[in-house]
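J.: Dumping the structure here so I can ask a few things about it.
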Amino acid sequence: MEPSTLATDRGISWRSILLGLALIIVNTYWVTVVEVRWYTLDGTCLPLFITPVFILFVLCMLNLGLLRLAPRWALNRVELTIIYVMMVISCVLSGHDMLQNLFGSISHPYFFATPENEYQRLFFRYLPKFLLVRDKAALTDFYNGNVNPWTSGLWLAWVLPLALWGIFLCVLFAMMLAATTLLRRAWTQNEKLVFPLIQLPVAMTAGAEGRGIFQARALWWGFAVAAGITLFNGMHVLYPQLPYLAAVKQYDIAPMFSSPPWNAIGYTPISMYPFAIGIAFFIPLDLSFSCWFFFVASKLFQVVGRVNGWDAPSNAGFPFFPEQAAGAWIGLGMVTLFGARHYLKNAWLQVVGRAGEDEPGERRDYRIAMAVLAFGLVFLVLWSFLLNIKWWVAVIFFGIYLLLSITITRVRAELGTPHEIYYVNPHDILTKVFGTQAIGPQSLTSMATMYWFNRCMRCHPMPNMMESFKMAEYAKLNYRRMIAVIALTLVFGMFVAYWANLQVTYEAGASAKAIGYKWWLGTESYGGRLQTLLQNPVPPPVSIEPGYTGGAWYRHLHFELTKVLYMLGGLVLVFAMKGARAASVAWPFHPAGYALAVSFAMNYFWFAFFISWAIKSLIVRYGGMKFHNQAVPFFLGLILGDYVMGSIWAIIGPVLGVQTYKIFI
């Protein structure tokens, strides 16, 4: 499904913007209620967000009715695309790994400090106090709940920290938007990446104009199958005496392998999420194969380690998946930038006037983008200075974060897979490579205050920005207008997300009724990581043995290279597989599959990917592309049916005041 034209400029109507702004409030509040208060939907943990698809589905159904009854009031494809993008960007802000995490981080240290955990002794003097909430009354009511923050004035304690973090995020988002603008043409037009995750919303926006996907019977068959399964399991949650399809959601098969050495595989869930089977159908076969293959291979690696004694207590950390994942994702980022080197060089030549424009106005866009990136880098330098982070730590920290941002965006654009890289973040990479002494307690503490936005990166802004540009092409909308829409949504959505989190959490209580509140994010940032690192420092890979006084220093070196070598091994494997793919089209393994399999992203989805890969392989082999194209609506229906029924349960739960079935986790 490719856009028919690339340079058409259709206007944006005011009604689509106003409707989008109104729905941002609805969507943000809904996401906050179901994820923070009730924890009945993990919709922003998935690469394709749930609530925007549901809202788009409702709008499309209403639109089809308007086309018959009052055609002049019906929304066109551009308007539906704009509204959908605004919903997606609002989810980026209000979602599981963004501003929800921020509230868990900035409220934690001064409320949970006790003599037992020694927060005050260990790191209070290093905390950037202006970025945290310190008012004891505001924090007590925040965690206890049953308070209106707006009439009691408690919200005032949050103004300065939220304003400063808001400025930081706006600059960071502007840099991502600039980088996306630079890479847009290379990935959407030159390489024509497939963007698997936008196939459903693109088909829906086209179908809402009275043609296409909603007329396909296969769509509704897939919809019925997925919605039926979700309805069936949802009824079991409300009425436990009813049966339940257990294998749909994380059925652990580890108990079947209870004898050594097979018991080394540990927790191994199989799941048959309908939406995951549907999404995986649009992923290239080599990647879907690589994802499940490398996950299985990682489990076999653990078995081999048990046989050979590699998992002995003396080799703590085996099989070192966090280190492998860090090396693999950094390797993917390096490969991505190397592959774009000629395009980026041409963009720079356009900026300095030494190359012609490929399309009108491109030189100006590139100049603005590079100016924004330059301003952003200066801001990050000042921000690091404000937080007293060592200059080289700040360079590596933000360098890794921005590299991972580009890498995730590339993986999403080319492959469309989940990217829950829990093991891969700048904080962990720095401590493993350099040790804690070199970094110092001040920089460790300052990095801990920023752990909230780089922990897992599931609702990362940059991939959604790039997908928005691609959707603009399908809708025949100039990408410059989409930039304005994204910028407006980011600013407005941030204020709405701030309001929703304060409203919901003060009303329910972060430690009282808010089941999904991110209290553990603060604990993980300051207790599980920072406290542990300060009390038990991590040695550098190479150090001088204690007691060394001089002479023959090389005989007194102490090596802790295991983790670094596994990290380098992950990087080398990515380079090797990339080279093999370039040398032979028959090479079956995709390096991104390896990176995803060892970084927690595939733990929930590997079996669903296996099912989808097997079905798609049989269809392509025995039915050809014609049969494949006929099957596309059915798999779109699997995603849509699961999302719609899951969203309905997420409405029923808060209305009835009960926990309902979640389609994920």
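The values are calculated or read from the model by the stated rules, or taken from the named source; none is laboratory data. Note that the structure is a prediction, hence the values are computed from the model and not measured. Ideal geometry is used to build each Cβ from the backbone, glycine not excepted, and the neighbour counts take in all protein chains shown.
J.: Could you list all residues from region 395-439 that are buried (at least 23 other Cβ atoms within 10 Å of the Cβ), assigned to a helix (DSSP H, G or I) and small (Gly, Ala, Ser)?
T.: Within region 395-439, just Ala413 meets the criteria.
J.: Could you give every pair whose Cβ atoms fall below 8 Å, whose first residue belongs to region 308-336 and is in contact (Cβ under 8 Å) with a residue 12 or more places away in the chain and more than 16 Å from Val433 (Cβ to Cβ), and whose second residue is part of a loop (DSSP other than H, G, I, E, B) and among the acidic types (Asp, Glu), counting only separations of at least 6 or pairs across chains?
T.: Going by the 8 Å Cβ cut-off, the qualifying pairs are Phe318/Asp311; Pro319/Asp311.
J.: Now a separate question. On the given criteria, is Ala576 closer than 17 Å to Pro284 by Cα and either assigned to a helix (DSSP H, G or I) or at pLDDT below 95 (or both)?
T.: Details: closer than 17 Å to Pro284 by Cα: no; either assigned to a helix (DSSP H, G or I) or at pLDDT below 95 (or both): yes.
Judged against the criteria, Ala576 is not a match.
J.: Look through region 599-613, keep the residues that are crowded, with 24+ Cβ neighbours inside 10 Å and of a type in the set (S, T, N, Q), and return whichever of them is farthest from the chain's Cα centre (by Cα).
T.: Result: Ser612.
J.: I'd like to know if region 192-202 contains one or more residues that are at positive phi, surrounded by fewer than 19 Cβ atoms within 10 Å (Cβ to Cβ), charged (D, E, K, R) and modelled with pLDDT under 95. Please lay out each step first, then the result.
T.: If we filter region 192-202 for residues that are at positive phi, which is where we start, we get 192, 195.
Narrowing further to those that are surrounded by fewer than 19 Cβ atoms within 10 Å (Cβ to Cβ): 192.
Now restrict to residues that are charged (D, E, K, R): 192.
Pick out the ones that are also modelled with pLDDT under 95 and you get 192.
Yes, region 192-202 contains at least one residue that is at positive phi, surrounded by fewer than 19 Cβ atoms within 10 Å (Cβ to Cβ), charged (D, E, K, R) and modelled with pLDDT under 95.
J.: (1) touching a Phe, Trp or Tyr at 6+ places or on another chain (Cβ under 6 Å); (2) crowded, with 23+ Cβ neighbours inside 10 Å; (3) assigned to a helix (DSSP H, G or I): which one isn't true of Gln442, the others all being true?
T.: With (1) touching a Phe, Trp or Tyr at 6+ places or on another chain (Cβ under 6 Å); (2) crowded, with 23+ Cβ neighbours inside 10 Å; (3) assigned to a helix (DSSP H, G or I) applied to Gln442, the lone miss is (2).
J.: Separate question: Please go through region 344-381 and give me each residue that is in a helix (DSSP H, G or I) and either over 30 Å from His419 (Cβ atoms) or of a type in the set (Phe, Trp, Tyr) (or both), ordered by number.
T.: From region 344-381, those in a helix (DSSP H, G or I) are 344-351, 362-381; that's our starting set.
Answer for region 344-381, where residues must be in a helix (DSSP H, G or I) and either over 30 Å from His419 (Cβ atoms) or of a type in the set (Phe, Trp, Tyr) (or both): Trp348, Leu349, Gln350, Val351, Arg363, Arg364, Tyr366, Arg367, Phe375, Phe379.
J.: Then there is this: Which of the residues belonging to region 347-361 are crowded, with 16+ Cβ neighbours inside 10 Å and under 17 Å from Asn190 (Cβ atoms)?
T.: Residues of region 347-361 that are crowded, with 16+ Cβ neighbours inside 10 Å, as a first pass: 347, 350-351.
Correct list: Ala347, Gln350.
J.: Leu169: farther than 23 Å from Glu507 by Cα and part of a helix (DSSP H, G or I), yes or no?
T.: On the way: farther than 23 Å from Glu507 by Cα: yes; part of a helix (DSSP H, G or I): yes.
Answer is yes for this residue.
J.: On the given criteria, is Phe469 out of contact with any Phe, Trp or Tyr (no Cβ under 6 Å at 6 or more places or on another chain), at pLDDT 95 or above and aromatic (Phe, Trp, Tyr)?
T.: Values: out of contact with any Phe, Trp or Tyr (no Cβ under 6 Å at 6 or more places or on another chain): no; at pLDDT 95 or above: yes; aromatic (Phe, Trp, Tyr): yes.
Criteria not met by Phe469.
J.: Considering only region 264-279, state which residues are farther than 18 Å from Gly234 by Cβ and either among the hydroxyl-bearing types (Ser, Thr, Tyr) or surrounded by 24 or more Cβ atoms within 10 Å (Cβ to Cβ) (or both).
T.: To start, the set of residues in region 264-279 that are farther than 18 Å from Gly234 by Cβ comprises 264-270, 277-279.
Once the filter is applied, which keeps residues that are farther than 18 Å from Gly234 by Cβ and either among the hydroxyl-bearing types (Ser, Thr, Tyr) or surrounded by 24 or more Cβ atoms within 10 Å (Cβ to Cβ) (or both), region 264-279 yields Tyr267, Thr268, Ile277, Gly278, Ile279.
J.: Looking at (1) modelled with pLDDT of 95 or more; (2) among the aromatic types (Phe, Trp, Tyr); (3) surrounded by fewer than 17 Cβ atoms within 10 Å (Cβ to Cβ), find the lone condition where Trp220 falls short.
T.: (3)
J.: For region 26-39, enumerate the residues that are closer than 19 Å to Gly104 by Cα and of a type in the set (Val, Ile, Thr).
T.: Once the filter is applied, which keeps residues that are closer than 19 Å to Gly104 by Cα and of a type in the set (Val, Ile, Thr), region 26-39 yields Thr28, Val31, Thr32, Val33, Val34, Val36.
J.: Only one of these conditions is not met by Gly547: (1) modelled with pLDDT under 90; (2) closer than 30 Å to Phe294 by Cα. Which number is it?
T.: Single failed check for Gly547: (2).
J.: If you don't mind, there's one more thing I want to ask. Would you say Leu177 is closer than 24 Å to Lys476 by Cα and out of contact with any Pro (no Cβ under 6 Å at 6 or more places or on another chain)?
T.: Details: closer than 24 Å to Lys476 by Cα: yes; out of contact with any Pro (no Cβ under 6 Å at 6 or more places or on another chain): yes.
Criteria met by Leu177.
J.: With respect to the numbered conditions (1) surrounded by fewer than 24 Cβ atoms within 10 Å (Cβ to Cβ); (2) touching a helix residue (DSSP H, G or I) at 6+ places or on another chain (Cβ under 6 Å); (3) not charged (D, E, K, R), which one is the sole condition not fulfilled by Asn464?
T.: The single condition Asn464 does not satisfy is (1).
J.: Name, by its number, the condition in (1) on the phi > 0 side of the Ramachandran plot; (2) in contact with a strand residue (DSSP E or B) (Cβ under 9 Å, 6 or more places away or on another chain) that does not hold for Gly509.
T.: (2)
J.: Ok, one more. Are there any pairs, at least 6 apart or on different chains, whose C-beta atoms fall under 8 Å, with the first in region 638-665 and closer than 15 Å to Thr51 by Cβ and the second in a helix (DSSP H, G or I) and of a type in the set (Lys, Arg), and if so, which?
T.: Filtered contacts from region 638-665: Pro654/Arg37.
J.: Continuing with the same structure: Quickly run through region 76-105 and pick out the residues that are out of contact with any Asp or Glu (no Cβ under 9 Å at 6 or more places or on another chain), over 12 Å from Phe453 (Cα atoms) and hydrophobic (A, V, I, L, M, F, W, C).
T.: Val78, Ile82, Ile83, Met86, Met87, Ile89, Cys91
J.: Among the residues of region 236-262, write down those that are over 22 Å from Met602 (Cα atoms) and either exposed (fewer than 15 other Cβ atoms within 10 Å of the Cβ) or free of Cβ contacts under 8 Å to residues at least 60 places away in the same chain (or both). Step through it out loud before you land on a result.
T.: Taking region 236-262 as the starting set, the residues that turn out to be over 22 Å from Met602 (Cα atoms) are 236-244, 258-261.
Correct list: Tyr239, Pro240, Gln241, Leu242, Pro243, Tyr244, Ser258, Ser259, Pro260, Pro261.
J.: Related question: In region 64-90, how many are crowded, with 23+ Cβ neighbours inside 10 Å and assigned to a helix (DSSP H, G or I)?
T.: The first filter runs over region 64-90 and keeps only residues crowded, with 23+ Cβ neighbours inside 10 Å, leaving 75, 79-90.
Going one step further and asking which of them are assigned to a helix (DSSP H, G or I), we end up with 79-90.
Of the residues in region 64-90, 12 are crowded, with 23+ Cβ neighbours inside 10 Å and assigned to a helix (DSSP H, G or I).
J.: Could you check region 488-538 and list, in sequence order, the residues that are without any contact (Cβ under 8 Å) to a residue 12 or more places away in the chain and of a type in the set (Val, Ile, Thr)?
T.: Passing the criteria: only Thr532.
J.: If you go through region 459-480, how many residues are acidic (Asp, Glu) and farther than 26 Å from Cys45 by Cα? Before you say what the answer is, go through the steps one by one.
T.: Pass one, region 459-480, residues acidic (Asp, Glu): 467, 473.
Those left that are additionally farther than 26 Å from Cys45 by Cα: 473.
Qualifying residue count for the region: 1.
J.: Identify, please: which residue in region 574-597 is aromatic (Phe, Trp, Tyr) and farther than 15 Å from Pro418 by Cα and is, among those, surrounded by the fewest Cβ atoms within 10 Å (Cβ to Cβ)?
T.: Just the residues of region 574-597 that are aromatic (Phe, Trp, Tyr), to begin with: 575, 587, 589, 594.
Add one more test, that the residue is farther than 15 Å from Pro418 by Cα, and what stays is 575, 587, 589.
Values: Phe575: 17, Trp587: 14, Phe589: 19.
So the residue we want is Trp587.
J.: If you check Ala216, Ala254, Ala206, which single one turns out to be touching a Pro at 6+ places or on another chain (Cβ under 9 Å) and under 30 Å from Asn63 (Cα atoms)?
T.: Ala216
Residues are listed down the side, and each one gets a yes or a no for (1) assigned to a helix (DSSP H, G or I); (2) touching a strand residue (DSSP E or B) at 6+ places or on another chain (Cβ under 6 Å); (3) on the phi > 0 side of the Ramachandran plot; (4) not aromatic (Phe, Trp, Tyr):
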{"position": "Phe600", "(1), (2), (3), (4)": "no, no, yes, no"}
{"position": "Phe609", "(1), (2), (3), (4)": "yes, no, no, no"}
{"position": "Ile615", "(1), (2), (3), (4)": "yes, no, no, yes"}
{"position": "Gly624", "(1), (2), (3), (4)": "yes, no, yes, yes"}
{"position": "Phe634", "(1), (2), (3), (4)": "yes, no, no, no"}
{"position": "Gly637", "(1), (2), (3), (4)": "yes, no, no, yes"}
{"position": "Gly646", "(1), (2), (3), (4)": "yes, no, no, yes"}
{"position": "Ile652", "(1), (2), (3), (4)": "yes, no, no, yes"}
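J.: Filter region 460-508 for residues that are part of a helix (DSSP H, G or I) and of a type in the set (S, T, N, Q) and give the result.
T.: Hits for region 460-508 are Asn464, Ser468, Thr489, Asn501, Gln503, Thr505.
J.: Quick check: anything in region 15-32 modelled with pLDDT of 95 or more, under 20 Å from the mean Cα position of the chain (by Cα) and over 19 Å from Val655 (Cα atoms)?
T.: yes
J.: Follow-up. Just one of Ala186, Ala163, Ala179, Ala206 is assigned to a helix (DSSP H, G or I) and either touching an Asp or Glu at 6+ places or on another chain (Cβ under 8 Å) or without any contact (Cβ under 8 Å) to a residue 24 or more places away in the chain (or both); which is it?
T.: Matching residue, one of Ala186, Ala163, Ala179, Ala206: Ala163.
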